[in-house]
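Asks: Take a look at the following structure, please.
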Amino acid sequence: MAITESLLPVTSEQDPLSDSRSDPIPETRRRRPIKIHLAVFSGFLLIALYVALIVTHDGSVSKNGANEDGTVVESRARLAGVSEKRNERIWRFSDDQKTVAFAWNNTMLSWQRTAFHFQPEKNWMNDPNGPLFYKGWYHFFYQYNPNAAVWGDIVWGHAVSKDLIHWLYLPFAMVPDQWYDANGVWTGSATFLDDGSIVMLYTGSTDKFVQVQNLAYPEDPKDPLLLKWTKFSGNPVLVPPPGIGTKDFRDPTTAWKTSAGKWRITIGSKINRTGISLVYDTTDFKTYEKHDTLLHQVPNTGMWECVDFYPVSKTKANGLDTSVNGPDVKHIVKASMDDTRIDHYAIGTYYDSNATWVPDNPKIDVGISTGLRYDYGKYYASKTFYDQHKRRRILWGWIGESDSEAADVQKGWSSVQGIPRTVVLDTKTGKNLVQWPVKEIESLRLSSKKFHMKVEPGTVVPVDVGPAAQLDIEAEFKIKKDDLEVILGDDSVEDDKEFSCQTSGLSTVRGALGPFGFSVLADQSLSEQTPVYFYVTKGKDSKLRAFLCTDTSRSTKANDVVKPVYGSFVPVLKGEKLTMRILVDHSIVEAFGQGGRTCITSRVYPTKAIYGATKLFLFNNAIDATVTVSFKVWQMNSAFIHPYSAEDLGVSSRT
Ligand code: DQQ
C-alpha cells in the first residue's frame, strides 16, 4: 500500500522499535516553532535538572525534613528501606517557595474520588498483591495503611469481585502481628500448586526492619472468599543472603515450574547500583536453594522492586500460565525501579537449565531509560497473574497521587489502581507488549454517542457529550491525504526526529502534523484541560513517526500538583489507522494508543472543570494538516465498590 493510502502512513515499517522509546532531549528545535518556546522550555529543563539534583535517592518526603536544630528526621518508609511519596519536594521547588499551597475545599476534593477504579474507602493504598482467581471469585490484595492517608503500618487489604470491576471490600487478609512482619506485611505473590491449593509468599519487614520472605496459606481452602490466612509457623522462610543489604530483599514473584519439577521464584535486590533478580528453587516453599547465578542484572538501575516474570505466546492471543515454556514462548522480565518509580519491562529468552534470562535487545534492557515501559505516565509496582478462568494474563498497577501529601490528608485517601489490563505480546511487531482494559469494563458503558468530525488546523471543537467526568472514548484519526502529500514532498518542512513528549513542549506547540487529539476534563473556557494527543513527525528519511502524549500542565489551577507532559513513541504499522482509547474517571485518565502499544496514565485534579462543568473538546494544533476524527463516547457507570454483605456474597451469614 502506498504511504499516503493509509490513514497514517507507516511510521516505521521495518523495525517499529528500533529507536529509543523514551525520548531524548532534542539538540535543536526542528519544527517551525519557535524561539519563545525554546526559552520557556529551557527554563523548565533547568528547573527539572535542579529538582532532580535535590530530590533524595529514595524520594522520601515531608517527614524526611530537617528539625529546627538541623537534625534529620527519618520517615518510617526510609527507615524501613522503601520509598514513599516524592511529590512534595517537586512541586515546592517548581513554584515560588514562598507560595502557599492551594486552598483545596471539600467540594473539589470530593469530586476527585473515582467511580469505577479500585480504591479503598479511605486512607493510603499502594502495590497490588497476590491477585488470583479462586472458586468463582477474583481476589485482589493490596498494600494498605488502615490508619492514615500516607504510607505506613502496612497490612494486606483484600477485596473480591466476580468480574474484576465490581469489588467488595473484605476484612484485612494479613496484618503485622509477628516479629517477622512487625513493620509491615509487604508485597507478595500467589502460586497455585499442582493440587489446586494456594501458597502466598510475601515480604515482611521485621521488628528490626530486616526484609525477609514469609509463607502464608488459606486457613480454609473450601472458603471461596479466602477470608482467613495462616502464616507458616517456620517463618521467615528466606532471609537476605550474604552480600545483600538487609533492606534490599523484597517482593517474591509467583513461582513457576522448572523442567526438573521444582518450583522457582525470583526476588528483586541490588548490589551497589546494579539492579538484580535473585533466584531460588524449592519443592515445599519452606526450604529453598539459592542459585549462584542471577535471573538478570542491569548496572546503574538501582534497587529492583516488585519483579515480575512470565511467559507470553509468540503466536496466540491468549495468556499463559507462569510455568509455560517452549519454542513458541518469549519471557518478560519487569522490575519497578525504586530510584525512578518507573516500571520497566523487556522481552527475552529464559533458560531453564541455568535459571537465567537474556533480553532480545540489550539496548532496551530492563530499567534502561531508553527501554520499554508498561505505561509512560504514573504506573508503578505492577503485578500480573494468569487468569485460568478466561485464559488471559492480567496486569494490575498502582497509580499514586500527583498532588501534595497535605491534600491527600485533607481528602482522606491516597492512590487508586489502574483498570486491570490484559497483556499479550504484540505479535505484529514482536517487540512490545499490548495492554488493553479488561473486556468487563465495557459492562459499565451507558449511553453512547457517535461522532465524525473534521478538525481544521489551529482549531478547538467542543464535543457535546453531556457530563464528561466518567467516559470511555474510542477514536480513529485520519490526516487529510492532500496535506500529507504536500508535507512529505516539502523539504522545507524540517526533520523532527528528535521529538519528545516530555521535552519538546506542551500540547500548544504547533508542528506540521500535530498535536491533535482530545482535551479531557476541561472547563468551558479551557482554563483547565488535559490534552491527550498524537504528535506525528517527519524523520530525515521522510518517514513519519507517531507519538502519544498527555499534557497535564494545564490540568489544574492548583500549585501543589506535579504536572508533567507524559508520553512516548507509538508504533504504527503499514495500513493501520491512528487509534486512541481514553478512560476518564474523575482524577484519573488512562490513554491507550494503537490498541495498547503505548499507554499513559495520568492523575489530574481540576478545580473548575468539575461536576457539571466538566467538558470534552477535540483540538488540532497542527499548522498544516486537517484531521478527520471518527469516535464514540460512552458515559460510564459507577462500579459501586462497597464493603461485602451476606447478600452480596450469596451466603446466609458471614462476618
Ligand atoms: N512497596 C512495598 C514493598 C515494595 C514497595 C512496601 C514498592 O514491598 O518494594 O509497601 O512500592
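The values are calculated or read from the model by the stated rules, or taken from the named source; none is laboratory data. Being a predicted model, the structure only gives us computed values, none of them experimental. For neighbour counting, all protein chains shown are included, and Cβ atoms are generated from backbone atoms with ideal geometry for every residue, glycine included. Ligands, DNA and RNA are stripped out before the accessible areas are found, and what is left, the full protein with its side chains, is counted by its heavy atoms. Shrake-Rupley method; radii C 1.70, N 1.55, O 1.52, S 1.80 Å.
Asks: Let me have the relative contact order for the stretch 172-312, percent, based on Cα pairs under 8 Å that are six or more residues apart.
Replies: Dividing the mean separation by the residue count of the stretch 172-312 yields 18 percent.
Asks: Of the cross-linked pairs Lys363/Lys478; Lys228/Lys290; Lys286/Lys314; Lys383/Lys615; Lys334/Lys390; Lys162/Lys615, which ones have a Cα-Cα span greater than 25 Å in the structure shown?
Replies: Checking Cα-Cα distances, Lys363/Lys478; Lys228/Lys290; Lys286/Lys314; Lys383/Lys615; Lys162/Lys615 exceed 25 Å.
Asks: A follow-up question, please. In whole Å, largest first, what are the principal axis extents of the Cα atoms in the stretch 395-476?
Replies: 44, 38, 31
Asks: Per-residue HN-Hα couplings for the stretch 245-260, Karplus 6.51 cos²θ - 1.76 cosθ + 1.60 at θ = phi - 60°, whole Hz, x for Gly and Pro?
Replies: x, 5, 10, 10, 8, 8, 6, x, 7, 4, 7, 10, 7, 8, 5, 7
Asks: Can I ask one more? Is any residue of the stretch 573-591 close enough, with backbone N under 19 Å, to a label point placed 7 angstrom from the Cα of Ser630 along the Cα-Cβ axis, and if so, which?
Replies: Label zone hits: 573-582.
Asks: Under a Cβ-only charge scheme (Lys and Arg +1, Asp and Glu -1), can you give me the dipole magnitude of the stretch 111-437 about the Cα centre, in debye to the nearest 20?
Replies: 780
Asks: Return the long-range amide H neighbours of Gly319 (sequence gap of 5 or more, or a different chain), with a cut-off of under 5 Å between placed amide H atoms.
Replies: Arg392, Arg393
Asks: Can you check what the net charge comes to around Lys383, using other residues whose Cβ is under 14 Å from the Cβ of Lys383 (Lys, Arg +1; Asp, Glu -1)?
Replies: So the environment of Lys383 carries a net charge of -3.
Asks: At Phe640 and Gln388, where each label point lies 7 Å from the Cα along Cα→Cβ, what is the point-to-point distance in nanometres?
Replies: 3.2
Asks: How large a share of the accessible area of the stretch 268-419, in percent, is made up of carbon and sulfur atoms when the probe is 1.4 Å and the other protein chains stay in place?
Replies: Working: 2590 of 5110 Å².
On the stretch 268-419, the fraction of accessible area on carbon and sulfur atoms equals 51 percent.
Asks: Would you calculate the separation in nanometres between label points at Thr258 and Lys540, each defined as 7 Å from the Cα along the Cα-to-beta-carbon direction?
Replies: 4.9
Asks: On to the next question. How far apart, in nm, are two points set 7 Å out from the Cα along the Cα-to-Cβ line at Leu79 and at Thr370?
Replies: In this crude spin-label approximation the distance works out to 4.3 nm.
Asks: How large is the accessible surface per residue of the stretch 516-646, computed with a 1.4 Å probe and reported in Å² as a whole number?
Replies: Per residue, the stretch 516-646 has an accessible area of 22 Å².
Asks: Another question, if that's okay. What does the net charge come to around Gly275 if you take all other residues with beta carbon closer than 14 Å to its beta carbon, with K and R at +1 and D and E at -1?
Replies: With Lys, Arg at +1 and Asp, Glu at -1, the net is -3.
Asks: Can you tell me the length gained on complete extension of the stretch Ala103 to Asp220, counting 0.36 nm per residue apart and subtracting the Cα distance?
Replies: That pair, Ala103 and Asp220, stretches by 37.2 nm at full extension.
Asks: Determine the per residue accessible area of the stretch 379-452 with all protein chains present and a 1.4 angstrom probe, expressed in square angstrom.
Replies: With the other protein chains kept in place, the stretch 379-452 gives 34 Å² per residue.
Asks: By its C-alpha gyration tensor, with a ≥ b ≥ c as the square roots of the eigenvalues, how is the stretch 111-437 shaped: rounded for a/c under 1.5, else prolate for a/b larger than b/c, else oblate?
Replies: Rounded shape, in that the Cα axes give a/c under 1.5.
Asks: Can you pull the percent of the stretch 441-636's accessible area that's carbon plus sulfur, 1.4 Å probe, other chains left in place?
Replies: That fraction is 50 percent.
Asks: Which percent of the accessible area of the stretch 177-238 is formed by carbon and sulfur heavy atoms (probe 1.4 angstrom)?
Replies: On the stretch 177-238, the fraction of accessible area on carbon and sulfur atoms equals 54 percent.
Asks: Lys and Arg at +1, Asp and Glu at -1: add these up for the other residues within a Cβ distance under 9 Å of Leu164 and post the number.
Replies: -2
Asks: Going by amide H atoms built from the backbone, whose H comes under 5 Å of the H on Val604, apart from near neighbours?
Replies: Ile588, Val589
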